[in-house]
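Asks: Here it is: the structure, laid out below.
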Amino acid sequence: MNPMKLYEFEGKQLLKACGVPVPEGRVVCRAEEIGEITEPTIVKAQALSGKRGKAGLISLCRDQAETEAAARKVSGAVHNGEKIEKVLLEQALQIKEEHYACITYDTLTRGPLLIFCAQGGMDIEEVKEQAPKKVVTQPIDLNYGLQGWQARQALSKAGISGLKMIKLAEFITRMWNCFQRYDCRTVEVNPLVETEGEDLFACDAKVVLDDDALYRHPELDFPPRSPGRQQTQKELQAKEIDKNDHRGSVGSTYIDLPGDIGILASGGGASIVIMDALLEAGGKPANFTEYSGNPPGEKVEKLTKIVLDKPGLNGCWVVGGTANFTDIYVTLIDGFLKGLREIKPKPDYPIVIRRGGPRDEEAFKALREAAAREGWDFHIYGRDTSMTSTAKTLMDLVAAYKKKKGSK
């Protein structure tokens with residue numbers, strides 16, 4: 001699963017749609033958009049990374065002037081490498097108590113897990129270290145979901161009782177509805193506030209979606225995001241390849257990098273191994289990407305054009321393990337070669353290809369014929385040559401290529 005972390009205001013939209021109470025609020029991009037303020041307001045910079053309070057990005061403001069000043073202060077600020085572009089203005093509540101509630105996936109049980117702590121409003125990891133008994137967990141069976149009695153049982157272990165237990169159990173089961181309805185990886189509310197009037201509110205929300213399940217939710221139209229920076233045009237284009245076409249996986253993972261070696265990796269986990277091998281051989285990758293699951297040629301063609309249509313490349317590495325089901329001919333000839341032919345000006349740098357699997361010899365023959373006919377600098381290796389050894393082969397060829405063209 002790939003994660004898509006939501007901004008606080010986006011997560012609260014999903015929680016509200018599932019009946020979880022959230023404070024009244026609205027999002028602005030500039031202080032000039034605030035309008036009239038008639039009551040105490042919380043000004044909250046919207047960022048994908050945490051620790052906003054400690055960074056001075058959340059302020060309690062008493063009046064119009066303070067609200068506008070706080071909004072101006074955080075607008076355009078940089079938090080952990082991310083520029084603040086939106087600010088959430090929210091009603092200030094009369095807080096009686098703060099709790100912590102989270103539903104997430106547990107890597108040990110490989111299933112959902114409810115985490116609750118009566119002591120909220122702070123880093124839950126600190127509570128786990130200082131007072132681990134205060135943190136209660138409750139595994140959730142996906143066949144049945146989170147039952148009300150399970151939520152009440154967890155709350156009882158945390159020392160909650162009476163009418164408050166009933167209210168909190170209802171609140172948490174609505175969080176579970178959000179988790180399940182939107183294919184979430186995490187739904188965290190911290191603090192889960194009880195007001196002086198004994199009402200419950202999600203005063204902050206950390207919601208992480210499963211990016212691979214977004215096709216099931218056309219109603220969700222959240223723009224792509226990458227913590228710390230905006231996604232590049234190529235990264236956005238790569239993600240579009242798999243959109244509404246689930247024949248194999250192509251481009252879902254694509255990251256632009258500042259190097260000069262274009263990479264098309266395939267096979268589960270191969271991309272990590274070959275990146276390490278390339279760096280060890282002295283290479284600098286221009287991207288990180290992979291494809292798998294026997295994709296059709298047209299999808300690999302699109303990814304090839306995204307990878308190679310980049311100025312300053314001095315080499316290309318098409319690399320992957322020995323496949324069991326991926327049609328090597330389709331991905332290399334109907335995919336890679338077809339995309340390569342679209343690149344202008346025509347690449348003259350070395351292209352090292354290491355693949356193995358169904359129809360690989362047929363594909364290699366077609367590549368050699370294309371190289372002889374069209375002048376490509378192909379260096380082709382099959383299953384008898386290790387993936388990592390071709391990294392040094394590529395870098396030796398790249399060094400010769402750079403020397404020939406006079407680059408350093």
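The values are calculated or read from the model by the stated rules, or taken from the named source; none is laboratory data. Keep in mind that what you see is a predicted model, and the values were worked out from it rather than measured. Methodologically, a virtual Cβ is constructed for each residue, glycine included, from the backbone with ideal geometry; neighbour enumeration extends over all protein chains shown.
Asks: So, in the range 56-75, exactly how many residues are assigned to a loop (DSSP other than H, G, I, E, B) and either modelled with pLDDT under 90 or closer than 14 Å to Gly25 by Cα (or both)?
Replies: 0
Asks: Report yes if some residue within the range 227-237 is over 26 Å from His79 (Cα atoms) and in the same structural domain as Ala265 (by TED's automatic domain parsing); otherwise report no.
Replies: Yes - at least one qualifying residue is present in the range 227-237.
Asks: Kindly provide the set of residues from the range 245-274 that are at pLDDT 90 or above and closer than 14 Å to Thr388 by Cβ, ordered by number.
Replies: Scanning the range 245-274 gives Ile263, Ala265.
Asks: Separate question: In this structure, does Thr326 turn out to be assigned by TED's automatic domain parsing to the domain that holds Leu278, farther than 27 Å from Lys234 by Cα and not in a helix (DSSP H, G or I)?
Replies: No, not satisfied.
Asks: If the requirement is being surrounded by 15 or more Cβ atoms within 10 Å (Cβ to Cβ), assigned by TED's automatic domain parsing to the domain that holds Leu200, among the β-branched types (Val, Ile, Thr) and part of a loop (DSSP other than H, G, I, E, B), which of these qualifies: Ile160, Ile166?
Replies: Ile160
Asks: Let me ask you something else. How many of the residues making up the range 342-387 are in a loop (DSSP other than H, G, I, E, B) and over 16 Å from Gly262 (Cα atoms)?
Replies: Residues flagged as in a loop (DSSP other than H, G, I, E, B) and over 16 Å from Gly262 (Cα atoms) within the range 342-387 amount to 9.
Asks: Same structure again: Applying the selection to the range 86-125, what residues are part of a loop (DSSP other than H, G, I, E, B), among the charged types (D, E, K, R) and surrounded by 15 or more Cβ atoms within 10 Å (Cβ to Cβ)?
Replies: Once the filter is applied, which keeps residues that are part of a loop (DSSP other than H, G, I, E, B), among the charged types (D, E, K, R) and surrounded by 15 or more Cβ atoms within 10 Å (Cβ to Cβ), the range 86-125 yields only Lys86.
Asks: Which ones in the range 348-392 are at pLDDT below 95 and of a type in the set (A, V, I, L, M, F, W, C)?
Replies: The answer is Met387, and nothing else.
Asks: Mind telling me which of the residues Asp141, Asp204 ends up being in contact (Cβ under 8 Å) with a residue 12 or more places away in the chain, outside any strand (DSSP E or B), closer than 27 Å to Pro224 by Cα and of a type outside the set (Gly, Ala, Ser)?
Replies: Asp204
Asks: So which strands (runs of 3 or more DSSP E) stay within the range 1-47 end to end and still have 2 or more residues that are surrounded by fewer than 21 Cβ atoms within 10 Å (Cβ to Cβ) and touching a residue at least 60 places away in the same chain (Cβ under 8 Å)?
Replies: Passing ranges, in order: 3-5, 25-28.
Asks: Within the range 301-323, how many residues turn out to be part of a loop (DSSP other than H, G, I, E, B), touching a strand residue (DSSP E or B) at 6+ places or on another chain (Cβ under 8 Å) and not small (Gly, Ala, Ser)?
Replies: 3
Asks: List every residue pair whose Cβ atoms lie under 8 Å apart, where the two residues are 6 or more positions apart in sequence or sit on different chains, the first residue falls within the range 66-81 and is at positive phi, and the second residue, located anywhere, is of a type in the set (Val, Ile, Thr) and at pLDDT below 95.
Replies: Gly76/Ile84
Asks: Can I ask one more? Go through Ala131, Ala213, Ala118, Ala205 for me and flag whichever is at pLDDT 95 or above and small (Gly, Ala, Ser).
Replies: None of the other options fit; the residue is Ala205.
Asks: Within the group Asp141, Asp106, Asp123, which residue is modelled with pLDDT under 95, within 21 Å of the chain's Cα centre (by Cα), among the charged types (D, E, K, R) and assigned by TED's automatic domain parsing to the domain that holds Ala202?
Replies: Asp106
Asks: Filter the range 243-277 down to the residues that are in a loop (DSSP other than H, G, I, E, B) and more than 22 Å from the chain's Cα centre (by Cα), then identify the one that is farthest from Arg354 (Cα to Cα).
Replies: Once the filter is applied, the top-ranked residue is Gly259.
Asks: So which of Gly335, Gly283, Gly382 is surrounded by 18 or more Cβ atoms within 10 Å (Cβ to Cβ) and under 20 Å from Met395 (Cα atoms)?
Replies: Sole residue among the options that is surrounded by 18 or more Cβ atoms within 10 Å (Cβ to Cβ) and under 20 Å from Met395 (Cα atoms): Gly283.
Asks: If you check every pair at least six apart or on different chains, which have Cβ atoms under 6 Å apart with a residue in the range 381-400 that is closer than 19 Å to Ile328 by Cβ first and a residue that is surrounded by fewer than 18 Cβ atoms within 10 Å (Cβ to Cβ) second?
Replies: Arg383/Thr322
Asks: Let me spell it out: the conditions are (1) more than 24 Å from Glu85 (Cβ to Cβ); (2) under 16 Å from the mean Cα position of the chain (by Cα); (3) among the charged types (D, E, K, R), and Glu280 meets all of them except one. Which number is the exception?
Replies: (2)
Asks: Please enumerate the residues belonging to the range 288-305 that are crowded, with 23+ Cβ neighbours inside 10 Å and under 16 Å from Leu257 (Cα atoms).
Replies: Of everything in the range 288-305, those that are crowded, with 23+ Cβ neighbours inside 10 Å and under 16 Å from Leu257 (Cα atoms) turn out to be Thr289, Glu290, Leu303, Thr304.
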